[in-house]
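Worksheet: the structure to be examined is printed underneath.
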């Protein structure tokens, strides 16, 4: 009506809202970056602007708890601007960045410097991990206070070759983190097994792509998950198993959950959709840690997503240059490839093929990550009061991924040429368009750290009287 002042900044009409529980047609009103109302079009308040989303699906923005944006230190591979642009074009509105940059995020001062870089460049919201190892042992509490989403512990070597703490150090590190309530995300591969096998394979002249898989058999992950779960159970630390790649890991993960360990897990599209059958075609491009495994791992991983054994989808977005991925000797090819932009189209294609229910996918891509890391319901939900983080897709549009057109600086992946169904049209982060009509319209620096809104459950440390700090404080 003429003369009525708008009380919403934006109203989205005509779309189908998708939550973890239901799909339904509805309009969404947004004010001051938050969802103000959801309902029939005629119930929406006057708005400064409207968006016609007829024929489109409105999903909560994806939360990718596992990316490597390489900034600072490796900005020829990726930086915060390019990485968060790729995220926005993939419908991902919050990312958690890993600490294996230069310098490694191990002290409050380094953490503060990385926060400054991200705050200046990021298009989407973000959390920062700090490394958990001998170098950060004395800084755990200060890092928690300085604003981390969690800690990352490398049980096995990967890009950057962060030292892997031995089991005694892991126990003490878990003891230090448990009272903070923050989650420890684990690269769960046993380093000593991998180092020995790689050395022997190199000595035997095995430089072919499959040698990488054979240097890291599934037992390295099984042993690491079991060990980490035992230490978490003893200390009360909360843990998250990164990049679950094999069917064998599902047993220790499920057993730990059944015992009451606060343990969550993730897998990624490459473990669900690629296998050792693809190594001959992709060679070093497919090299990633843990490795893409045999095809018989795929169906158990899909089933684990459906039954909740695996909690969420993440990408381990790990960009490198084409030269770094195409060296003739597999051991010299850098590990990882970009994925944050492709994850939602790849998984929505699986939905279209009947592999997964769309509501279950929302749970895996947004709701579960938000709940596991203390961001729900401000993130990961389409409900009044939540941040208006939205990914709006045409679920019927078919297209093909083209490495030359992705927004990461790393334009080389095993997804090049793959046909997918589900095309992103718009991405909103806290009510502001970052991508509109498939065009970047957001501003660098719009992204904010989510540590300020994180609310983890009350910590529940165990065996506090037996920690290293407790026993060394005793006097005879």
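Brief remarks follow.
- Rounded to two decimals, the Cα-based Rg/Rh of the stretch 166-293, with Kirkwood Rh, is 1.02.
- Nearest 10 degrees, 0 to 90: helix 167-177 Cα axis against the chain principal axis: 40 degrees
- Here the translational diffusion coefficient of the stretch 386-446 follows from Stokes-Einstein with Rh set to the Kirkwood radius across Cα pairs; for 20 °C and 1.002 mPa s it amounts to 165 µm²/s.
- Cα gyration tensor, the stretch 297-386 - rounded (a/c under 1.5), prolate or oblate: prolate
- Simple label model, 7 Å out from Cα along Cβ direction - residue 21 to residue 456, nm: 2.8 nm
- Rg over Rh for the stretch 10-55 works out to 0.95, using Cα positions for both radii and the Kirkwood form for Rh.
- Mean Cβ neighbour count within 10 Å, used as a protection proxy, ranking 80-86, 143-149 highest first: 80-86, 143-149
- Length-normalised contact order of the chain in % [C-alpha pairs under 8 Å, at least 6 apart]: 21 percent
- At 0.890 mPa s and 25 °C, Stokes D of the stretch 262-420 from Kirkwood alpha-carbon radius, µm² per second: 146 µm²/s
- Taking the average, over residues, of other Cβ atoms within 10 Å as the packing measure, peptides 66-79, 166-179 rank 66-79, 166-179 from highest down.
- For the chain, the share of DSSP beta bridges that are antiparallel, to the nearest 5, is 50%.
- The angle between the Cα long axis of helix 108-121 and the main principal axis of the chain comes to about 30°, on a 0 to 90 degree scale.
- Per-pair calculated FRET efficiency, R0 = 41 Å: residue 352 and residue 134 via Cβ, rounded to 0.05: 0.30
- The P(r) of the stretch 92-239 has a tail past 22 Å containing 44 percent of all C-alpha pairs.
- Model label points for residue 214 and residue 102, set 7 angstrom from Cα along the Cα-to-Cβ axis, are 3.3 nm apart.
- Zone residues, the stretch 140-159, relative to residue 120, backbone N less than 19 Å from point 7 Å out along Cα-to-Cβ: none
- Rg ratio for the chain: its Cα radius of gyration over 2.2 N^0.38 Å, N being its residue count, equals 0.96.
- Over the stretch 42-157, the Kirkwood radius and the radius of gyration, each from Cα atoms, give a ratio Rg/Rh of 1.11.
- Residues listed by number, the stretch 350-366, amide nitrogen under 15 Å from residue 299 label point at 7 Å toward C-beta: 355
Laboratory data are not the source of any read-out in this text; all were calculated from the coordinates shown. These numbers come from a predicted model, not from an experiment. Virtual Cβ from ideal backbone geometry, glycine too; neighbours counted across all protein chains shown.
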